[in-house]
1. Being assigned to a strand (DSSP E or B) and facing chain A (nearest Cβ under 9 Å) is the requirement here; does B:T132 meet it?
2. Since A:S137 meets every condition but one in (1) among the hydroxyl-bearing types (S, T, Y); (2) assigned to a helix (DSSP H, G or I); (3) closer than 30 Å to B:K59 by Cα, which condition does it not meet?
3. Taking the range A:180-207, which residues are hydrophobic (A, V, I, L, M, F, W, C), closer than 15 Å to B:Q88 by Cα and part of a helix (DSSP H, G or I)?
4. Please identify the pairs in which a residue from the range A:141-168 that is free of Cβ contacts under 8 Å to residues at least 12 places away in the same chain and under 24 Å from A:P26 (Cβ atoms) has its Cβ atom under 6 Å from the Cβ atom of a residue that is of a type outside the set (G, A, S) and crowded, with 17+ Cβ neighbours inside 10 Å, counting only partners at least 6 apart or on another chain.
5. Restricted to the range B:214-241, and to residues that are touching a residue at least 40 places away in the same chain (Cβ under 8 Å) and more than 7 Å from chain A (Cβ to nearest Cβ), which residue is surrounded by the fewest Cβ atoms within 10 Å (Cβ to Cβ)?
6. For B:Y207, all conditions in the list (1) facing chain A (nearest Cβ under 9 Å); (2) of a type in the set (F, W, Y); (3) touching a Pro at 6+ places or on another chain (Cβ under 8 Å) hold save one; what is the number of the exception?
7. Could you tell me whether the range A:145-156 includes any residue that is in the same structural domain as A:S49 (by TED's automatic domain parsing) and assigned to a strand (DSSP E or B)?
8. Could you tell me which residue of the range B:1-39 is nearest to the other protein chains (Cβ to nearest Cβ), considering only residues that are buried (at least 23 other Cβ atoms within 10 Å of the Cβ) and part of a loop (DSSP other than H, G, I, E, B)?
2 protein chains.
Amino acid sequence: MTAKSTIEQQLDHRTIRAFTKQPVAPAIIEQLVSVARHTATSNFQQAFSVISVTDPAKKEQIAAIAKQPYVAANGHLFVFVADQHRDQQIGAEMGKTENHLGGTDRFLQAWSDTTLAVQNTEVAAESLGLGTVILGSILNDTQQLIDILALPQLTFPVLGLAIGWPDQKPQLKPRLPERFVHFENTYQLPAPLRPQLAEYDAVVHQYYDLRDTNRRVDTFTNQVKARLALQPEKRAEMLTVLHRQGFLLE
Amino acid sequence: MTAKSTIEQQLDHRTIRAFTKQPVAPAIIEQLVSVARHTATSNFQQAFSVISVTDPAKKEQIAAIAKQPYVAANGHLFVFVADQHRDQQIGAEMGKTENHLGGTDRFLQAWSDTTLAVQNTEVAAESLGLGTVILGSILNDTQQLIDILALPQLTFPVLGLAIGWPDQKPQLKPRLPERFVHFENTYQLPAPLRPQLAEYDAVVHQYYDLRDTNRRVDTFTNQVKARLALQPEKRAEMLTVLHRQGFLLE
(Lines give C-alpha, C1' and ligand atoms only; values in the text may rest on other atoms or scores of the structure.)
Protein backbone atom coordinates (compact mmCIF):
# COMPACT_ATOMS: atom_id res chain seq x y z
CA MET A 1 0.00 0.00 0.00
CA THR A 2 1.42 3.35 -1.00
CA ALA A 3 0.75 6.72 0.54
CA LYS A 4 -0.08 8.18 -2.88
CA SER A 5 -3.41 9.81 -3.50
CA THR A 6 -5.64 8.11 -6.03
CA ILE A 7 -4.87 10.72 -8.69
CA GLU A 8 -1.11 10.63 -8.03
CA GLN A 9 -1.31 6.88 -8.54
CA GLN A 10 -3.33 7.27 -11.76
CA LEU A 11 -0.91 9.82 -13.19
CA ASP A 12 1.91 7.43 -12.36
CA HIS A 13 0.29 4.49 -14.16
CA ARG A 14 2.62 2.21 -16.07
CA THR A 15 1.98 -1.23 -17.49
CA ILE A 16 3.67 -4.05 -15.57
CA ARG A 17 4.41 -7.18 -17.60
CA ALA A 18 6.67 -9.05 -15.17
CA PHE A 19 5.39 -10.34 -11.84
CA THR A 20 7.16 -12.03 -8.92
CA LYS A 21 6.29 -15.61 -7.96
CA GLN A 22 4.24 -14.45 -4.99
CA PRO A 23 0.64 -15.28 -5.87
CA VAL A 24 -2.18 -12.77 -5.50
CA ALA A 25 -4.16 -13.93 -2.47
CA PRO A 26 -7.70 -15.22 -3.13
CA ALA A 27 -9.11 -12.57 -0.77
CA ILE A 28 -7.60 -9.88 -3.00
CA ILE A 29 -9.06 -11.47 -6.13
CA GLU A 30 -12.47 -11.48 -4.47
CA GLN A 31 -12.06 -7.84 -3.47
CA LEU A 32 -11.08 -6.87 -7.02
CA VAL A 33 -14.08 -8.68 -8.48
CA SER A 34 -16.24 -6.86 -5.98
CA VAL A 35 -14.88 -3.55 -7.26
CA ALA A 36 -15.61 -4.68 -10.83
CA ARG A 37 -19.19 -5.53 -9.82
CA HIS A 38 -19.66 -2.09 -8.29
CA THR A 39 -18.65 -0.25 -11.45
CA ALA A 40 -21.17 2.08 -13.07
CA THR A 41 -23.37 0.23 -15.56
CA SER A 42 -25.66 1.31 -18.38
CA ASN A 43 -29.33 1.03 -17.39
CA PHE A 44 -28.40 -1.27 -14.51
CA GLN A 45 -27.63 -4.00 -17.08
CA GLN A 46 -24.34 -5.11 -15.47
CA ALA A 47 -23.67 -6.55 -18.91
CA PHE A 48 -20.31 -8.17 -18.29
CA SER A 49 -18.79 -11.30 -16.82
CA VAL A 50 -15.25 -11.99 -15.78
CA ILE A 51 -13.43 -15.30 -16.07
CA SER A 52 -10.41 -16.12 -13.93
CA VAL A 53 -8.13 -18.28 -16.02
CA THR A 54 -6.25 -20.47 -13.55
CA ASP A 55 -5.73 -23.60 -15.66
CA PRO A 56 -2.06 -23.50 -16.78
CA ALA A 57 -2.90 -25.16 -20.12
CA LYS A 58 -5.49 -22.52 -20.91
CA LYS A 59 -3.10 -19.76 -19.85
CA GLU A 60 -0.55 -21.19 -22.29
CA GLN A 61 -3.13 -21.23 -25.09
CA ILE A 62 -4.15 -17.64 -24.37
CA ALA A 63 -0.51 -16.54 -24.19
CA ALA A 64 -0.02 -18.09 -27.62
CA ILE A 65 -3.01 -16.16 -28.99
CA ALA A 66 -1.68 -12.96 -27.44
CA LYS A 67 1.85 -13.74 -28.66
CA GLN A 68 2.95 -12.61 -25.20
CA PRO A 69 4.67 -15.37 -23.18
CA TYR A 70 4.30 -13.36 -19.97
CA VAL A 71 0.52 -13.96 -20.09
CA ALA A 72 1.18 -17.59 -19.08
CA ALA A 73 3.69 -16.66 -16.39
CA ASN A 74 3.11 -15.45 -12.84
CA GLY A 75 0.13 -13.30 -12.13
CA HIS A 76 -3.63 -13.74 -12.03
CA LEU A 77 -5.32 -13.67 -15.43
CA PHE A 78 -8.80 -12.23 -15.85
CA VAL A 79 -10.68 -12.23 -19.14
CA PHE A 80 -13.51 -9.71 -19.17
CA VAL A 81 -16.47 -10.63 -21.37
CA ALA A 82 -19.30 -8.51 -22.79
CA ASP A 83 -22.37 -10.43 -21.70
CA GLN A 84 -25.92 -10.18 -23.01
CA HIS A 85 -26.34 -13.93 -22.64
CA ARG A 86 -27.40 -13.58 -18.99
CA ASP A 87 -30.30 -11.34 -19.95
CA GLN A 88 -31.25 -13.64 -22.80
CA GLN A 89 -31.32 -16.56 -20.36
CA ILE A 90 -33.49 -14.64 -17.88
CA GLY A 91 -35.83 -13.63 -20.70
CA ALA A 92 -36.09 -17.18 -22.02
CA GLU A 93 -36.94 -18.49 -18.55
CA MET A 94 -39.66 -15.84 -18.35
CA GLY A 95 -41.11 -16.87 -21.70
CA LYS A 96 -39.70 -13.98 -23.70
CA THR A 97 -37.42 -14.97 -26.55
CA GLU A 98 -37.69 -11.84 -28.70
CA ASN A 99 -35.03 -9.28 -27.89
CA HIS A 100 -32.56 -6.74 -29.23
CA LEU A 101 -29.69 -8.00 -27.11
CA GLY A 102 -27.53 -8.67 -30.15
CA GLY A 103 -28.22 -5.27 -31.72
CA THR A 104 -25.45 -2.72 -32.13
CA ASP A 105 -26.77 -0.51 -29.36
CA ARG A 106 -26.94 -3.28 -26.78
CA PHE A 107 -23.65 -4.74 -27.91
CA LEU A 108 -21.84 -1.45 -27.42
CA GLN A 109 -23.52 -0.93 -24.05
CA ALA A 110 -22.16 -4.32 -22.99
CA TRP A 111 -18.71 -3.47 -24.37
CA SER A 112 -18.75 -0.22 -22.36
CA ASP A 113 -19.95 -1.91 -19.16
CA THR A 114 -17.17 -4.45 -19.53
CA THR A 115 -14.42 -1.95 -20.23
CA LEU A 116 -15.47 0.34 -17.39
CA ALA A 117 -15.19 -2.67 -15.08
CA VAL A 118 -11.70 -3.47 -16.40
CA GLN A 119 -10.43 0.02 -15.64
CA ASN A 120 -12.03 0.10 -12.20
CA THR A 121 -10.37 -3.24 -11.37
CA GLU A 122 -7.03 -1.99 -12.63
CA VAL A 123 -7.15 1.12 -10.45
CA ALA A 124 -8.14 -0.99 -7.43
CA ALA A 125 -5.26 -3.41 -8.03
CA GLU A 126 -2.74 -0.60 -8.40
CA SER A 127 -3.98 0.99 -5.17
CA LEU A 128 -2.85 -2.20 -3.39
CA GLY A 129 0.60 -1.95 -4.96
CA LEU A 130 -0.13 -4.62 -7.56
CA GLY A 131 1.03 -4.28 -11.15
CA THR A 132 -1.32 -4.76 -14.08
CA VAL A 133 -1.34 -5.22 -17.83
CA ILE A 134 -4.50 -4.82 -19.87
CA LEU A 135 -4.42 -7.32 -22.73
CA GLY A 136 -6.04 -6.31 -26.00
CA SER A 137 -3.78 -8.93 -27.55
CA ILE A 138 -6.09 -11.75 -26.43
CA LEU A 139 -8.30 -10.67 -29.35
CA ASN A 140 -5.70 -11.76 -31.91
CA ASP A 141 -7.86 -14.83 -32.47
CA THR A 142 -11.30 -14.27 -30.97
CA GLN A 143 -12.84 -17.52 -32.23
CA GLN A 144 -10.15 -19.58 -30.56
CA LEU A 145 -10.51 -17.62 -27.32
CA ILE A 146 -14.28 -18.11 -27.42
CA ASP A 147 -13.72 -21.85 -27.78
CA ILE A 148 -11.18 -21.99 -24.94
CA LEU A 149 -13.50 -20.19 -22.52
CA ALA A 150 -16.71 -21.83 -23.84
CA LEU A 151 -18.34 -18.47 -24.38
CA PRO A 152 -21.99 -18.85 -25.40
CA GLN A 153 -24.02 -16.82 -27.91
CA LEU A 154 -24.36 -13.13 -27.02
CA THR A 155 -21.06 -13.01 -25.20
CA PHE A 156 -17.73 -11.74 -26.54
CA PRO A 157 -14.26 -11.32 -25.02
CA VAL A 158 -13.29 -7.67 -24.59
CA LEU A 159 -10.01 -7.38 -22.69
CA GLY A 160 -7.71 -9.47 -20.57
CA LEU A 161 -6.25 -8.15 -17.34
CA ALA A 162 -3.21 -9.76 -15.74
CA ILE A 163 -2.39 -8.77 -12.18
CA GLY A 164 0.55 -9.57 -9.94
CA TRP A 165 3.26 -8.26 -7.66
CA PRO A 166 5.55 -6.10 -9.82
CA ASP A 167 8.94 -7.45 -10.80
CA GLN A 168 9.95 -4.49 -12.97
CA LYS A 169 9.88 -0.72 -12.85
CA PRO A 170 9.36 0.64 -16.35
CA GLN A 171 9.58 4.28 -17.35
CA LEU A 172 6.45 6.38 -17.49
CA LYS A 173 5.27 6.49 -21.12
CA PRO A 174 4.69 10.03 -22.36
CA ARG A 175 1.12 10.80 -23.49
CA LEU A 176 -0.22 13.13 -26.15
CA PRO A 177 -0.36 16.72 -24.87
CA GLU A 178 -3.79 17.92 -23.84
CA ARG A 179 -4.44 20.13 -26.88
CA PHE A 180 -4.47 17.11 -29.20
CA VAL A 181 -7.01 15.28 -27.04
CA HIS A 182 -9.25 17.81 -25.26
CA PHE A 183 -11.51 20.21 -27.12
CA GLU A 184 -14.26 22.64 -26.17
CA ASN A 185 -17.78 22.42 -27.62
CA THR A 186 -16.72 21.06 -31.00
CA TYR A 187 -14.08 18.66 -32.27
CA GLN A 188 -11.12 20.81 -33.31
CA LEU A 189 -7.92 19.00 -34.08
CA PRO A 190 -4.99 21.34 -34.88
CA ALA A 191 -4.21 21.26 -38.62
CA PRO A 192 -1.83 20.56 -40.17
CA LEU A 193 -1.26 18.14 -37.36
CA ARG A 194 2.11 16.51 -37.86
CA PRO A 195 4.35 19.60 -37.59
CA GLN A 196 2.66 20.40 -34.28
CA LEU A 197 3.43 16.89 -33.06
CA ALA A 198 7.18 17.32 -33.66
CA GLU A 199 7.92 18.06 -30.02
CA TYR A 200 5.90 15.07 -28.82
CA ASP A 201 7.59 12.90 -31.44
CA ALA A 202 10.94 13.86 -29.93
CA VAL A 203 9.74 13.02 -26.42
CA VAL A 204 8.48 9.60 -27.53
CA HIS A 205 11.72 8.94 -29.41
CA GLN A 206 13.73 9.70 -26.28
CA TYR A 207 11.45 7.46 -24.20
CA TYR A 208 12.15 4.46 -26.44
CA ASP A 209 15.82 5.30 -26.58
CA LEU A 210 16.09 5.24 -22.79
CA ARG A 211 13.84 2.22 -22.36
CA ASP A 212 15.58 -0.46 -24.27
CA THR A 213 18.36 -0.14 -26.77
CA ASN A 214 17.47 -3.51 -28.27
CA ARG A 215 14.04 -2.45 -29.42
CA ARG A 216 12.69 0.03 -31.91
CA VAL A 217 13.43 3.66 -31.33
CA ASP A 218 10.57 5.41 -32.97
CA THR A 219 8.50 8.56 -33.00
CA PHE A 220 4.78 8.64 -32.31
CA THR A 221 3.76 9.63 -35.83
CA ASN A 222 6.01 6.98 -37.41
CA GLN A 223 4.30 4.37 -35.25
CA VAL A 224 0.89 5.65 -36.29
CA LYS A 225 1.89 5.44 -39.93
CA ALA A 226 3.34 1.94 -39.60
CA ARG A 227 0.19 0.65 -37.92
CA LEU A 228 -2.26 2.05 -40.49
CA ALA A 229 -2.07 -0.80 -42.94
CA LEU A 230 -1.48 -3.53 -40.35
CA GLN A 231 -4.30 -5.97 -39.89
CA PRO A 232 -3.36 -9.54 -39.00
CA GLU A 233 -5.56 -12.10 -40.75
CA LYS A 234 -7.49 -13.23 -37.65
CA ARG A 235 -8.04 -9.64 -36.56
CA ALA A 236 -9.69 -9.04 -39.92
CA GLU A 237 -12.20 -11.76 -39.07
CA MET A 238 -13.52 -10.04 -35.97
CA LEU A 239 -16.76 -8.84 -37.55
CA THR A 240 -17.45 -12.37 -38.79
CA VAL A 241 -16.90 -13.79 -35.32
CA LEU A 242 -19.11 -11.09 -33.79
CA HIS A 243 -21.89 -12.05 -36.19
CA ARG A 244 -21.37 -15.70 -35.25
CA GLN A 245 -21.84 -14.80 -31.58
CA GLY A 246 -25.10 -13.06 -32.48
CA PHE A 247 -23.86 -9.47 -32.36
CA LEU A 248 -24.05 -6.50 -34.75
CA LEU A 249 -26.71 -8.15 -36.91
CA GLU A 250 -28.98 -5.11 -36.52
CA MET B 1 -11.12 14.92 -0.03
CA THR B 2 -12.11 11.89 1.99
CA ALA B 3 -9.90 9.64 4.07
CA LYS B 4 -11.26 6.56 2.30
CA SER B 5 -8.93 4.18 0.53
CA THR B 6 -9.31 3.94 -3.22
CA ILE B 7 -11.09 0.60 -2.97
CA GLU B 8 -13.41 1.76 -0.18
CA GLN B 9 -14.35 4.64 -2.44
CA GLN B 10 -14.91 2.35 -5.42
CA LEU B 11 -17.10 -0.04 -3.43
CA ASP B 12 -19.09 2.97 -2.26
CA HIS B 13 -19.66 4.27 -5.80
CA ARG B 14 -23.08 5.75 -6.49
CA THR B 15 -24.24 7.85 -9.40
CA ILE B 16 -24.80 11.52 -8.57
CA ARG B 17 -27.30 13.33 -10.78
CA ALA B 18 -27.72 16.58 -8.80
CA PHE B 19 -24.87 19.02 -8.34
CA THR B 20 -24.59 22.25 -6.34
CA LYS B 21 -24.06 25.58 -8.09
CA GLN B 22 -20.38 25.62 -7.14
CA PRO B 23 -18.51 25.16 -10.42
CA VAL B 24 -15.71 22.65 -10.83
CA ALA B 25 -12.50 24.71 -10.93
CA PRO B 26 -10.63 24.77 -14.26
CA ALA B 27 -7.53 23.37 -12.52
CA ILE B 28 -9.53 20.31 -11.51
CA ILE B 29 -10.82 19.84 -15.06
CA GLU B 30 -7.27 19.97 -16.34
CA GLN B 31 -6.18 17.45 -13.72
CA LEU B 32 -9.02 15.09 -14.66
CA VAL B 33 -8.17 15.32 -18.35
CA SER B 34 -4.58 14.55 -17.43
CA VAL B 35 -5.75 11.38 -15.67
CA ALA B 36 -7.77 10.46 -18.76
CA ARG B 37 -4.69 10.96 -20.94
CA HIS B 38 -2.63 8.67 -18.68
CA THR B 39 -5.07 5.78 -18.95
CA ALA B 40 -3.82 2.50 -20.40
CA THR B 41 -4.24 2.42 -24.18
CA SER B 42 -4.18 -0.32 -26.78
CA ASN B 43 -0.91 -0.35 -28.77
CA PHE B 44 -0.18 3.20 -27.61
CA GLN B 45 -2.96 4.41 -29.91
CA GLN B 46 -4.54 6.80 -27.37
CA ALA B 47 -7.57 6.50 -29.63
CA PHE B 48 -9.94 8.85 -27.85
CA SER B 49 -10.73 12.52 -27.53
CA VAL B 50 -12.77 14.34 -24.94
CA ILE B 51 -14.93 17.37 -25.53
CA SER B 52 -15.90 19.72 -22.71
CA VAL B 53 -19.37 21.01 -23.48
CA THR B 54 -19.56 24.44 -21.89
CA ASP B 55 -21.95 26.18 -24.30
CA PRO B 56 -25.34 26.29 -22.50
CA ALA B 57 -27.25 25.91 -25.78
CA LYS B 58 -25.33 22.76 -26.65
CA LYS B 59 -25.83 21.41 -23.13
CA GLU B 60 -29.58 21.95 -23.57
CA GLN B 61 -29.54 20.09 -26.88
CA ILE B 62 -27.61 17.19 -25.38
CA ALA B 63 -29.92 17.09 -22.37
CA ALA B 64 -32.83 16.83 -24.79
CA ILE B 65 -31.16 13.91 -26.59
CA ALA B 66 -30.47 12.22 -23.27
CA LYS B 67 -33.99 13.01 -22.04
CA GLN B 68 -32.31 13.96 -18.76
CA PRO B 69 -32.79 17.61 -17.83
CA TYR B 70 -30.00 17.42 -15.24
CA VAL B 71 -27.46 17.09 -18.06
CA ALA B 72 -28.01 20.79 -18.83
CA ALA B 73 -27.89 21.82 -15.16
CA ASN B 74 -24.89 22.42 -12.90
CA GLY B 75 -21.81 20.33 -13.41
CA HIS B 76 -19.11 19.99 -16.02
CA LEU B 77 -20.10 17.93 -19.06
CA PHE B 78 -17.54 15.82 -20.88
CA VAL B 79 -18.33 13.83 -24.02
CA PHE B 80 -15.78 11.10 -24.66
CA VAL B 81 -15.25 10.22 -28.30
CA ALA B 82 -13.68 7.15 -29.94
CA ASP B 83 -11.13 8.69 -32.27
CA GLN B 84 -9.35 7.12 -35.24
CA HIS B 85 -9.56 10.41 -37.12
CA ARG B 86 -6.35 11.67 -35.54
CA ASP B 87 -4.39 8.72 -36.90
CA GLN B 88 -6.03 9.09 -40.29
CA GLN B 89 -4.98 12.72 -40.34
CA ILE B 90 -1.38 11.88 -39.39
CA GLY B 91 -1.32 9.18 -42.08
CA ALA B 92 -2.71 11.51 -44.73
CA GLU B 93 -0.10 14.14 -43.92
CA MET B 94 2.56 11.42 -44.31
CA GLY B 95 1.20 10.39 -47.70
CA LYS B 96 -0.55 7.23 -46.52
CA THR B 97 -4.27 7.14 -47.16
CA GLU B 98 -4.84 3.39 -47.05
CA ASN B 99 -5.72 2.14 -43.59
CA HIS B 100 -7.89 -0.18 -41.51
CA LEU B 101 -8.86 2.51 -39.02
CA GLY B 102 -12.56 2.03 -39.69
CA GLY B 103 -12.40 -1.76 -39.37
CA THR B 104 -14.17 -3.56 -36.55
CA ASP B 105 -10.95 -4.36 -34.73
CA ARG B 106 -9.68 -0.77 -34.72
CA PHE B 107 -13.12 0.58 -33.94
CA LEU B 108 -13.44 -1.62 -30.86
CA GLN B 109 -9.91 -0.75 -29.75
CA ALA B 110 -10.89 2.91 -29.90
CA TRP B 111 -14.14 2.21 -28.03
CA SER B 112 -12.13 0.43 -25.31
CA ASP B 113 -9.51 3.17 -25.06
CA THR B 114 -12.29 5.71 -24.70
CA THR B 115 -14.25 3.81 -22.08
CA LEU B 116 -11.16 3.03 -20.01
CA ALA B 117 -10.46 6.77 -19.95
CA VAL B 118 -14.03 7.51 -18.82
CA GLN B 119 -13.75 5.18 -15.84
CA ASN B 120 -10.32 6.47 -14.88
CA THR B 121 -11.66 10.03 -14.94
CA GLU B 122 -14.66 9.04 -12.87
CA VAL B 123 -12.52 7.43 -10.16
CA ALA B 124 -10.26 10.49 -10.10
CA ALA B 125 -13.22 12.85 -9.74
CA GLU B 126 -14.72 10.79 -6.93
CA SER B 127 -11.39 10.76 -5.11
CA LEU B 128 -11.70 14.57 -4.90
CA GLY B 129 -15.19 14.28 -3.42
CA LEU B 130 -16.89 15.14 -6.70
CA GLY B 131 -20.02 13.34 -7.86
CA THR B 132 -20.34 11.83 -11.33
CA VAL B 133 -22.86 10.40 -13.72
CA ILE B 134 -21.81 8.42 -16.78
CA LEU B 135 -24.25 9.17 -19.59
CA GLY B 136 -25.00 6.40 -22.05
CA SER B 137 -28.20 8.31 -22.74
CA ILE B 138 -26.36 10.79 -24.98
CA LEU B 139 -26.45 8.01 -27.60
CA ASN B 140 -30.23 8.21 -27.90
CA ASP B 141 -29.65 10.12 -31.14
CA THR B 142 -26.06 9.68 -32.25
CA GLN B 143 -26.41 11.50 -35.57
CA GLN B 144 -27.67 14.62 -33.84
CA LEU B 145 -24.91 14.46 -31.26
CA ILE B 146 -22.32 14.06 -34.03
CA ASP B 147 -23.72 17.19 -35.68
CA ILE B 148 -23.74 19.20 -32.44
CA LEU B 149 -20.11 18.38 -31.68
CA ALA B 150 -18.97 18.49 -35.34
CA LEU B 151 -17.45 15.02 -35.09
CA PRO B 152 -15.54 14.11 -38.27
CA GLN B 153 -15.28 10.77 -40.05
CA LEU B 154 -13.71 7.98 -37.98
CA THR B 155 -14.90 9.45 -34.69
CA PHE B 156 -17.94 8.38 -32.67
CA PRO B 157 -19.39 9.47 -29.31
CA VAL B 158 -19.08 6.76 -26.65
CA LEU B 159 -20.16 8.11 -23.26
CA GLY B 160 -20.89 11.38 -21.54
CA LEU B 161 -19.56 12.13 -18.07
CA ALA B 162 -21.05 14.89 -15.95
CA ILE B 163 -19.11 15.95 -12.87
CA GLY B 164 -19.95 18.32 -10.04
CA TRP B 165 -20.16 18.87 -6.32
CA PRO B 166 -22.81 16.45 -5.00
CA ASP B 167 -26.20 17.80 -4.01
CA GLN B 168 -27.76 14.44 -3.17
CA LYS B 169 -26.84 11.27 -1.31
CA PRO B 170 -28.49 8.32 -2.99
CA GLN B 171 -28.56 4.76 -1.64
CA LEU B 172 -25.96 2.28 -2.76
CA LYS B 173 -27.43 0.19 -5.59
CA PRO B 174 -27.13 -3.55 -4.95
CA ARG B 175 -25.11 -5.46 -7.58
CA LEU B 176 -25.40 -9.01 -8.86
CA PRO B 177 -23.75 -11.47 -6.46
CA GLU B 178 -20.33 -12.68 -7.52
CA ARG B 179 -21.40 -16.17 -8.63
CA PHE B 180 -23.50 -14.73 -11.47
CA VAL B 181 -20.61 -12.64 -12.77
CA HIS B 182 -17.31 -14.37 -11.98
CA PHE B 183 -16.39 -17.79 -13.37
CA GLU B 184 -13.26 -19.95 -13.42
CA ASN B 185 -11.69 -21.17 -16.67
CA THR B 186 -14.96 -21.45 -18.61
CA TYR B 187 -18.20 -19.49 -18.76
CA GLN B 188 -20.61 -21.23 -16.39
CA LEU B 189 -23.82 -19.42 -15.62
CA PRO B 190 -26.01 -21.21 -13.03
CA ALA B 191 -29.04 -22.81 -14.72
CA PRO B 192 -31.93 -22.47 -14.38
CA LEU B 193 -31.00 -18.92 -13.57
CA ARG B 194 -34.09 -17.10 -12.45
CA PRO B 195 -34.92 -19.15 -9.32
CA GLN B 196 -31.38 -18.56 -8.13
CA LEU B 197 -31.84 -14.83 -8.63
CA ALA B 198 -34.87 -14.73 -6.30
CA GLU B 199 -32.88 -13.44 -3.35
CA TYR B 200 -31.22 -10.72 -5.45
CA ASP B 201 -34.61 -9.81 -6.91
CA ALA B 202 -35.87 -9.22 -3.37
CA VAL B 203 -32.86 -7.04 -2.54
CA VAL B 204 -33.35 -4.92 -5.68
CA HIS B 205 -37.08 -4.62 -4.95
CA GLN B 206 -36.34 -3.33 -1.46
CA TYR B 207 -33.77 -0.89 -2.83
CA TYR B 208 -36.34 0.72 -5.15
CA ASP B 209 -38.94 0.68 -2.40
CA LEU B 210 -36.67 2.64 -0.07
CA ARG B 211 -35.34 4.94 -2.78
CA ASP B 212 -38.37 6.65 -4.06
CA THR B 213 -41.98 5.75 -3.52
CA ASN B 214 -43.00 7.68 -6.60
CA ARG B 215 -41.05 5.54 -9.00
CA ARG B 216 -41.19 1.93 -10.13
CA VAL B 217 -40.64 -0.71 -7.52
CA ASP B 218 -39.27 -3.59 -9.49
CA THR B 219 -37.16 -6.71 -9.32
CA PHE B 220 -34.00 -7.18 -11.32
CA THR B 221 -35.36 -9.94 -13.54
CA ASN B 222 -38.55 -8.00 -14.27
CA GLN B 223 -36.43 -5.08 -15.41
CA VAL B 224 -34.36 -7.35 -17.62
CA LYS B 225 -37.51 -8.76 -19.19
CA ALA B 226 -39.07 -5.33 -19.74
CA ARG B 227 -35.94 -4.04 -21.47
CA LEU B 228 -35.55 -6.98 -23.87
CA ALA B 229 -37.87 -5.72 -26.55
CA LEU B 230 -37.15 -2.02 -26.00
CA GLN B 231 -35.29 -0.30 -28.77
CA PRO B 232 -36.11 3.37 -29.39
CA GLU B 233 -36.17 4.23 -33.09
CA LYS B 234 -32.99 6.30 -33.11
CA ARG B 235 -31.13 3.68 -31.10
CA ALA B 236 -32.00 1.18 -33.81
CA GLU B 237 -30.17 3.41 -36.30
CA MET B 238 -26.83 3.19 -34.53
CA LEU B 239 -25.27 0.75 -36.97
CA THR B 240 -26.29 2.99 -39.87
CA VAL B 241 -24.70 6.01 -38.20
CA LEU B 242 -21.55 4.02 -37.44
CA HIS B 243 -21.29 3.10 -41.11
CA ARG B 244 -21.79 6.76 -42.01
CA GLN B 245 -18.85 7.69 -39.75
CA GLY B 246 -16.73 5.12 -41.57
CA PHE B 247 -16.82 2.39 -38.94
CA LEU B 248 -17.64 -1.34 -39.00
CA LEU B 249 -17.46 -1.53 -42.79
CA GLU B 250 -14.92 -4.37 -42.57
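The values are calculated or read from the model by the stated rules, or taken from the named source; none is laboratory data. None of the values given here were measured: they were computed from a predicted structure. A quick note on method: Cβ atoms are made from the backbone with ideal geometry, for glycine too, and the neighbour counts reach across all protein chains shown.
1. On the way: assigned to a strand (DSSP E or B): yes; facing chain A (nearest Cβ under 9 Å): yes.
Taking the combined requirement at face value, the residue satisfies it.
2. (3)
3. First, pick out the residues of the range A:180-207 that are hydrophobic (A, V, I, L, M, F, W, C): A:180-181, A:183, A:189, A:191, A:193, A:197-198, A:202-204.
From what's left, closer than 15 Å to B:Q88 by Cα: A:180-181, A:189, A:191, A:193, A:197.
A:F180, A:L197, listed by residue number.
4. A:A150/B:Y187
5. So in the range B:214-241, the residues touching a residue at least 40 places away in the same chain (Cβ under 8 Å) come out as B:220, B:232, B:234-235, B:237-238, B:241.
Subset that is more than 7 Å from chain A (Cβ to nearest Cβ): B:220, B:232, B:234, B:237, B:241.
Details: B:F220: 23, B:P232: 11, B:K234: 16, B:E237: 16, B:V241: 20.
Looking at the filtered set, the residue picked out is B:P232.
6. (1)
7. So in the range A:145-156, the residues in the same structural domain as A:S49 (by TED's automatic domain parsing) come out as A:145-156.
Among the residues that remain, those that are also assigned to a strand (DSSP E or B) are: A:155-156.
Yes, because at least one residue in the range A:145-156 is in the same structural domain as A:S49 (by TED's automatic domain parsing) and assigned to a strand (DSSP E or B).
8. B:T39
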